[in-house]
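Below is one structure, written out as structure tokens, with a few remarks after it.
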Amino acid sequence: MRRENMTTTEPTARAGRIACAAGRGRAGELVVNTATYAPNGRGARVAFTIAASPFGRILIAATRTGVCWIGFCDSDARLETELRIDLHAAAIARDDHALAGLAQIVVDYVSGRTREIALPIDIRATPFQIAAWSELCAIPWGATRSYGEIARRLGRPGAARAVGHANAANPLAIIIPCHRALGADGSMTGYRWGVEYKRRLLDHEFFQ
């Protein structure tokens, strides 16, 4: 599957949008529109690339509308497997050339070489997930909040566990900053990409 270069971050009419800013006290904004594909990626044509970052290998995947998946770890094989599990009904193919520009934008932000990022996105989510992820994006750089506090901000004080489930379903690692959510006692509870990665991300944001 060959695609045109996705070198811009200009959204299409159907795309959602996420904007993030690095620096103490700065937060982000999330706008999620209806995805262009059905559950499990059915009907989607997805291209992906894998690049190096300070936090290991990072996989960026996109439809023609926007970014639909980001993950990171030290294993290219695991990243591709996780992508194919999450979007198992999609037509998925690697295309480093088409996504080179987009990957550079993401890696520059993650690395701290740029201070702001704005991306068109194409993700599926329930209303509760959108609300929870929006609260994550509202957590300022260098800060954290407990799952319980996020639930209270959503007007659902008993929904801390549901917030945790929403975090686990986050398709845009780092960019939707679920690493900023902690346990009630401040502990670094489970993180899809590993607690050590969560610690490194938080240290990066706190000390930068």
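A short reminder: the numbers here are calculations on the coordinates, not readings from a lab. All values derive from a computational prediction rather than experimental measurement. We place every Cβ from the backbone using ideal geometry, glycine too, and count neighbours over all the protein chains shown.
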In segment 42-109, if the dipole is taken from +1 on Lys/Arg beta carbons and -1 on Asp/Glu beta carbons about the Cα centre, which of 99, 70, 47 is farthest to the positive end? 47
Out of all DSSP beta bridges in segment 1-142, what portion is antiparallel? Express it as a percent rounded to 5. 80
Taking the radius of gyration and the Kirkwood hydrodynamic radius from Cα positions alone, what is the Rg/Rh ratio for segment 129-194, to two decimal places? 0.90
Treat each spin label as a single point 7 Å out from the Cα along the C-beta direction, and report the residue 100 to residue 130 distance in nm. 3.6
Restricting things to Cα coordinates, could you compute the convex hull volume per residue of the chain in Å³? 106
Segment 104-137 scanned against label point 7 Å out from residue 34 along Cα→C-beta; backbone N under 15 Å for 123-127
Take residue 168, project a point 7 Å from its Cα along the Cβ direction, then tell me which residues of segment 180-208 have their backbone nitrogen under 20 Å from it. 180-199
Taking Cα atoms only, helix 76-86 is inclined relative to the longest principal axis of the chain by an angle, in degrees rounded to 10, of 80
For the chain, built as a Gaussian network whose Cα springs stay under 10 Å, the top-fluctuating residue of 177, 127, 39: 127
Just report the Cα centroid separation between segment 22-44 and segment 58-134, whole Å. 10
Would you mind getting me the FRET efficiency between residue 24 and residue 185? Use the beta-carbon distance for r and R0 = 25 Å, nearest 0.05. 0.55
Quick check for me: using +1 on Lys/Arg Cβ and -1 on Asp/Glu Cβ, what's the dipole size of segment 1-156 about its Cα centre, in debye to the nearest 20? 340
When the helices in the chain are scored as -39500 (n - 2.57) per DSSP H run of 4 or longer and the sum is shared across all residues, what 222 nm value do you end up with, to the nearest 500 deg cm²/dmol? -9000 deg cm²/dmol
With charges set only on the Cβ (+1 for Lys and Arg, -1 for Asp and Glu), what does the dipole of segment 127-207 come to about its Cα centre, in debye to the nearest 20? 160
If I take all pairs of Cα atoms in segment 16-121, what percentage of them are more than 19 Å from each other? 45
Total formal charge among the other residues, if their Cβ is under 15 angstrom from that of residue 73, Lys/Arg +1 and Asp/Glu -1: +1
Specify the angular offset, from 0 to 90 degrees and rounded to the nearest 10, of the alpha carbon long axis of helix 127-138 from the longest principal axis of the alpha carbons in the chain. 70
Along the dipole axis of segment 127-207 (charges at Cβ: +1 for Lys and Arg, -1 for Asp and Glu; origin at the Cα centre), the most positive-end residue among 186, 168, 140 is 168
Contour minus Cα-Cα span, residue 17 to residue 156, at 0.36 nm per residue, comes to 47.5 nm
Tally Lys and Arg at +1 and Asp and Glu at -1 over the other residues with C-beta under 12 Å from the C-beta of residue 36: what net charge comes out? +4
